Amino acid sequence: MKKLFLILLMGWIMIPGFTQSIFKYKKLPAVDIQDIKGSPFNTSEITNDGKPIIIDFWATWCKPCVRELTSISDVYDDWVKETGVKLYAVSVDNSRSVSLVAPLVNGKAWDYTVLLDVNSDFKRAMNVGLIPQTFLLNGKGEVVWQHTSFAEGDELLLIDLVRKLIKGEDISSPDPGNSK
Amino acid sequence: MKRTTYFLLSVLLTSALLHSCTKIEAPYATTKEVKADTTNNRWVLLEDYTGMKCQNCPEAAILGKTLEKLYENQVYVIAVHAGYFAYPDSLSPSSPFYRQDFRNPTSNTWSSTFNVKTNPVGNVNRVYYNSSTDIFMQTSEWTGAVGAQVKLPKAAVISMHNNVTITGGDTTLSSSVQLRFLKKFQGSYNLCVCIVEDSIVGPQQVGATVKMDYVFNDLLRGSINGFWGENITSANDTVTVIKKDYTSRLSGKWRTNHLRVIAFIQNADTKQVLHVISKNAK
Amino acid sequence: MKKNQNFFWGLITTLFLFPSIATAQDLIKGSEVHGNTQLDAIYYLPDAKLGITDTTLDGRLIRMNGYTEVNYTLGNFTAGMRFEAYLPPLLGYDAKNEGLGVPYWYVNYKNEFLEVTAGNFYEQFGYGMMLRTYQEWTLGFDNSIRGLRVKVTPIKGITFKGVYGIQRFYWDPYNNNTRGIVKGFDADFYLNDIFPSMADSKVKLTLGGSFVSNFQKDKTKDYAAGNQILVMKLPQNVANYGGRFNLNIGDFNWFAEYAHKVNDPSSVNKYIYKDGNGVFTSLSYSTKGLGLSLMSKWIDNMSYKSDRTITNNMVDINYLPAITKEHTYALATMYPYATQAKGEIGISGTVTFHLKKNSALGGKTGMTIAANFSQVNSIIRNPVNDIDTVGQPGTLGYKTKVFGIGNEVYYQDANLEITKKFSKKWKGIFTYLYQTYNKWIVEAHALPDGSTTVYAQIGVADVTWNITKKHSLRGELQGLWTKQDKGNWVAGLVEFTIAPQWFFSVQDQYNYGNPTTALRLHYFLFSAGYTYNSTRVALSYGRQREGVICVGGVCRYVPASSGFTLTLTSSF
């Protein structure tokens, strides 16, 4: 048992090493979810006229998620003006709190395109474990970067990456330590 | 493509709707009388894993007693106190009453070997019932499981004589068990002899309240011949009379007039119980 | 276990090496491999003050829960599996989890008209009161169905779904006598897509209906009572059906779901034969700067499981959401509420508004205020006749009044949350809660004096200081005041983050008001974590207080513990 435990532990630690930065989604999975009005929405409709897209998985009860989206909200207007980026905030609130999403989004005056993923179908398809998790897509709709958790200042790295994308720079393995 | 899908879907739907709702009309239950058959049928062990801090356990104890009465002299309960709900608290304010420690090496060993984590749960003759992986079940399953076991033919004849002697400060129990198999059995079998105590008064969680003068019965004090008993040869022979004698010193805290000895034959590997007997210690 | 060892080694190799092999060879053009993984491992330390000894830990100090999920997509096909290992499970998870294997796998084909899944799947009909299968790793909850799912979209706006299969129960293989076969059908109509005339209408309407049934083989059940045996007739098929709508008009949104369950005697309801009913509705209004929401729910005998003998969280077919607010601050989660499937009636209201920058109250930087109130009571239960008592097994059970409010308060929560930005560098969230918590109903534990209810006031100040663009410091100060249960608590946390990689935190919860002096303990916890893109490693050392973790109204008890914790998550 102990041997098995150790081998598994090592295996688990190796997974991120193997896989990190290797697998980029070439195409978003097409999953049927809802828009904020409860109307059907297929995730293949996540587009932004060839400009970068941010997809952020969050929930009303997740404090770091709300902090992240609040921080971005303060500068989102400037981001859009500068880069044309569009943020899709995918709420994974289930039927318990799904009706709190719109009041919270509007209550906080957020300008994002909010989607409802009530049984985490899209979250599962995107292999999201913990939230918040952020995906950055380039103009072709390919995922070029993803990040889990939130720390104050993360949003600055995100917009830096968006700027690089617009300039056509390669960000497949950004060195976050050197970003401003 | 579409046509096939519609066809499959309509078949699925029709079958689902046609056979998918059973409405039971009153009366929802009938009653039946049952009788113990101690001559021809197997005697049955009902193990009730319990604890003084488990609020639903008294209900289970009552059910155990009911089954004992329904199948008089054919069903015997052992109340095994072990694990979280039997853990005496000297510190926790949420249970300032539970000072008594009913756990013992035998109950701890059984509980951890069988991996019992919730209370109340029980098993009947340590045999699977409506499950292929777990011999333990909720109280709602006990009646059915007992009903299935009491119908089985008797596997052995068994008799027991006990005596308690007090010399000086020492209390000594001597037990003599005689048994003979009625059918040939493959595998290795053990005879396990245990002591239980009845009518112990103490606090027990009953629903939302603590009952200070709750009466504990069938409480396992321990085994006198090892946690899993002693190996008995000749299980594949219906002639030999196996005789086992035990003497053991009893704890002075136990009240000898409330002690009983329960002996059972079990498969050494599967722990499955074949037959059981209970007699007063004196 | 030994017999399967070769299989396990093969499996482990596949899971850990497959991703790299797959990329190296770039198997087939257009294919994608993705997945995610999580590992929670704890090295438990005996802690005399918490009453934890080697014995209470079963001598198994190192425990882990872990999973790896890998999904492979090629064109219209997707296939995937999840490997799980509990060696042994962390404290607070059912011991039946112990072991390792692949409890979840599937093959899926999907085009615009049709989607077919074979294997395990997660599915939700409407708001879930008839059927919802999902997985919640932190709860150890997984009620996935293994079988077949078909989803058809004949025209835009109409969706039909059919499911057939059996639910997961730990590692138990399917056994004909126990778990039932779940069948379900769901139809969903989004009228604005169906009728071209409504396409641009401001009024958006969705209608839906579901029918679910569970088949179990047994026709009777014996139940000893008094001096005889009750032979109860069992319904082999238990149906649960209902309908729903979602109406959206501009800033208003209203949805409701109704479910009706036909006789379902089970261990949960102690074998009563009454039908179950449930209504769940929510009305919300929101416009820029203001959000209002009102929810209410009435549940009567609505536990619905695919094995009537199971009483814990497993094999739930339906989902009964709690409507109370989900809190996340440490002390605010001391008394969390979980839906009482046997019956409850509740209401919840939330107001969120944003005071603009440069307004009188909003100050220079603006301010968000959220207020929430919720209350859940028992339902009315009257005897069916003069002979039988309420809830007596083998009878109808009781009579209820639709939307009737019972006397017993299960839960009440009034809370206020103010989010305020003071300057570019400073911001804070301030929360006050007043909670009434029926410990007996929710946890089945009474208080020491035999009473059942805890009244608690909780205050939280959460302040963030952005020292530089990358460095920030966050502090939390929390207090919980109650005369019942474990008495008063105070808690503090300091968290330092260096974006986007590092975090360090120190926290303490101090039960200074415990009526037992020996239990006035500190629960210190030191944590550090490192995040690189979508991989996160966190290590912590310290004490964990006893508590109940709830997600979406489903809860898991976690015993007090002490030790080192390693958490690793990654998605790829």
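Based on the Kirkwood radius over alpha-carbon pairs, what is the Stokes-Einstein translational diffusion coefficient of the stretch A:29-172 at 10 °C with 1.306 mPa s viscosity, in µm²/s?
Details: Rh = 15.1 Å.
Here the translational diffusion coefficient equals 105 µm²/s.
What is the order of C:TYR273, B:TYR84, fewest Cβ neighbours within 10 Å to most?
Numbers: C:TYR273 27, B:TYR84 15.
The most exposed by this proxy come first: B:TYR84, C:TYR273.
Looking at this model, which pairs from B:LYS65/C:LYS96; B:LYS253/B:LYS279; A:LYS81/C:LYS110; C:LYS183/C:LYS401; B:LYS32/B:LYS183 are more than 26 angstrom apart at the alpha-carbon? Before the final figure, lay out the partial values.
Values: B:LYS65/C:LYS96 29 Å; B:LYS253/B:LYS279 20 Å; A:LYS81/C:LYS110 38 Å; C:LYS183/C:LYS401 30 Å; B:LYS32/B:LYS183 31 Å.
From the list (B:LYS65/C:LYS96; B:LYS253/B:LYS279; A:LYS81/C:LYS110; C:LYS183/C:LYS401; B:LYS32/B:LYS183), the Cα-Cα distance tops 26 Å for B:LYS65/C:LYS96; A:LYS81/C:LYS110; C:LYS183/C:LYS401; B:LYS32/B:LYS183.
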Report summary line: Partner shielding of A:111-122, taken as the mean number of other chain Cβ atoms within 10 Å, equals 2
Report task. Would you grab the residues whose amide H sits under 5 Å from the one on C:TYR410? Only those 5+ places off in sequence or on another chain, please, with H modelled 1.01 Å from N. Result -> C:VAL376, C:ASN377, C:SER378
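Arrange B:GLU47, B:GLU33, C:GLU495, B:GLU68 by Cβ neighbour counts within 10 Å, fewest through most, would you? Present the calculation step by step, with values, prior to reporting the outcome.
On the way: B:GLU47 25, B:GLU33 8, C:GLU495 18, B:GLU68 22.
By the 10 Å Cβ count, ascending, the order reads B:GLU33, C:GLU495, B:GLU68, B:GLU47.
Per residue, what volume in Å³ does the convex hull of the Cα atoms of the stretch B:152-270 enclose?
Working: hull volume 16.1 nm³, N = 119.
With only Cα atoms used, the stretch B:152-270 gives 135 Å³ per residue.
Explain nothing, just the number: relative contact order of chain C, from Cα pairs under 8 Å at least 6 residues apart, as a whole percent.
On the way: 1478 pairs, mean separation 55.9, N = 572.
Relative contact order of chain C: 10 percent.
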Report task. Mind ranking A:93-99, C:294-300 by how tightly packed they are, going by the mean number of other C-beta atoms within 10 angstrom, highest first? Result -> A:93-99, C:294-300
Query raised in the report: Taking amide H positions as placed 1.01 Å from N in the peptide plane, with prolines and chain starts having none, which residues 5 or more places from C:THR220, or on another chain, fall under 5 Å of its amide H?
Result: C:LEU234
Report summary line: One finds the C-alpha centres of the stretch C:139-197 and the stretch B:159-197 to be spaced, in Å, by 57
Report task. At a Cα cut-off below 18 Å, give the aspartates and glutamates reachable from C:LYS399, other chains included and same-chain residues fewer than 8 away excluded. Result -> B:GLU25, C:ASP264, C:ASP275, C:ASP300, C:GLU344, C:ASP386, C:ASP388, C:GLU408
Report summary line: Counting only Cβ distances under 4.7 Å between cysteines, those in chain B with no partner are B:CYS21, B:CYS192, B:CYS194
Query raised in the report: Given 20 Å bins starting at zero, what is the percent of C-alpha pairs of the protein assembly as shown in each, up to the one with the largest pair distance?
Result: 12, 41, 35, 11, 1, 0
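Pairs to check: B:LYS154/C:LYS342; C:LYS161/C:LYS219; B:LYS53/B:LYS151; B:LYS35/B:LYS271. Give those whose C-alpha atoms are more than 31 Å from each other in this structure. Could the numbers behind the result be given before it?
Values: B:LYS154/C:LYS342 43 Å; C:LYS161/C:LYS219 29 Å; B:LYS53/B:LYS151 35 Å; B:LYS35/B:LYS271 27 Å.
Long pairs (Cα-Cα over 31 Å): B:LYS154/C:LYS342; B:LYS53/B:LYS151.
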Query raised in the report: What angle do you read, to the nearest 10 degrees and between 0 and 90, between the alpha-carbon axis of helix B:57-70 and the longest principal axis of chain B?
Result: 80
Query raised in the report: At what distance in nm do the modelled label points of A:GLU169 and B:ASN115 sit from each other, each positioned 7 Å from its Cα along Cα→Cβ?
Result: 5.4
Query raised in the report: Using θ = phi - 60° and the Karplus curve 6.51 cos²θ - 1.76 cosθ + 1.60, what whole-Hz ³J(HN,Hα) does each residue of the stretch C:312-320 get, with Gly and Pro shown as x?
Result: 8, 6, 7, 6, 5, 8, 9, 10, 10
Query raised in the report: Using θ = phi - 60° and the Karplus curve 6.51 cos²θ - 1.76 cosθ + 1.60, what whole-Hz ³J(HN,Hα) does each residue of the stretch C:241-258 get, with Gly and Pro shown as x?
Result: 9, x, x, 7, 8, 9, 10, 10, 10, x, 8, 9, 9, 9, 10, 8, 9, 10
Report task. In whole Hz, with x marking every Gly and Pro, tabulate ³J(HN,Hα) for the stretch C:531-545 from phi via Karplus 6.51 cos²θ - 1.76 cosθ + 1.60, θ = phi - 60°. Result -> 10, 10, 6, 9, 10, 9, 10, 9, 10, 9, 9, x, 9, 10, 7
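Among residues other than C:ASP218 whose Cβ falls under 12 Å from its Cβ, what is the net charge (Lys/Arg +1, Asp/Glu -1)?
Numbers: positive: C:ARG179, C:LYS217, C:LYS219, C:LYS221, C:LYS233, C:ARG308; negative: B:GLU141, C:ASP222, C:ASP307.
Charge balance in the 12 Å sphere: +3.
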Query raised in the report: Which shape class applies to the stretch B:37-280: rounded if a/c is under 1.5, otherwise prolate when a/b exceeds b/c and oblate if not, where a ≥ b ≥ c are the square roots of the Cα gyration tensor eigenvalues?
Result: oblate
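Can you give the FRET efficiency for A:LYS63 and B:ALA268, using 1/(1 + (r/R0)^6), R0 = 45 Å, r = Cβ-Cβ distance, to the nearest 0.05? Could the numbers behind the result be given before it?
Numbers: r = 56 Å, r/R0 = 1.25.
For R0 = 45 Å, the calculated efficiency reads 0.20.
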Requested in this report: With +1 on each Lys and Arg Cβ and -1 on each Asp and Glu Cβ, and nothing else charged, work out how big the dipole of the protein assembly as shown is about its Cα centre, in Debye to the nearest 20.
Outcome: 780
Report task. Could you order peptides B:102-114, B:199-211 by the average number of other Cβ atoms within 10 Å of their residues, highest first? Result -> B:102-114, B:199-211
**Report entry** Check: the stretch B:37-280 dipole with +1 on Lys, Arg Cβ and -1 on Asp, Glu Cβ, in debye
**Finding:** 360
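I'd like the mean, over residues of C:461-472, of how many other protein chain beta carbons sit within 10 Å of each residue's own Cβ.
On the way: counts 0, 2, 0, 3, 1, 3, 2, 2, 7, 10, 3, 4.
Mean inter-chain Cβ contacts per residue within 10 Å come to 3.
Which whole number gives the average, over all residues in C:285-291, of C-beta atoms from other chains lying within 10 Å of the residue C-beta? Don't jump to the answer; show the numbers that get you there.
On the way: counts 3, 10, 5, 7, 4, 4, 10.
For peptide C:285-291, the averaged partner shielding equals 6.
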Requested in this report: Under a cut-off of 27 Å between alpha-carbon atoms, report the lysines in cross-link reach of C:LYS202, not counting same-chain residues fewer than 8 places apart.
Outcome: A:LYS37, A:LYS86, A:LYS108, C:LYS156, C:LYS288
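When you count, for each residue, the other Cβ atoms within 10 Å and take the mean per peptide, how do C:479-490, C:159-170 rank with the highest first?
Numbers: C:479-490: 18.8, C:159-170: 21.1.
Peptide ranking by packing, descending: C:159-170, C:479-490.
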Query - Cα gyration tensor, chain C - rounded (a/c under 1.5), prolate or oblate - result: rounded
Report summary line: For the table C:LYS261/C:LYS297; A:LYS63/A:LYS164; A:LYS27/C:LYS204; C:LYS425/C:LYS470, the rows whose alpha-carbon distance is greater than 20 Å are A:LYS63/A:LYS164; A:LYS27/C:LYS204
Query raised in the report: Whose amide H sits under 5 Å from the amide H of C:VAL384, counting only residues 5 or more places off or on another chain, with H placed in the peptide plane?
Result: C:LYS399
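None of the figures in this text is laboratory data; all of them are computed from the coordinates on show. Keep in mind that what you see is a predicted model, and the values were worked out from it rather than measured. No Cβ is skipped: glycine too gets one built from the backbone with ideal geometry, and neighbour counts run over all protein chains shown.
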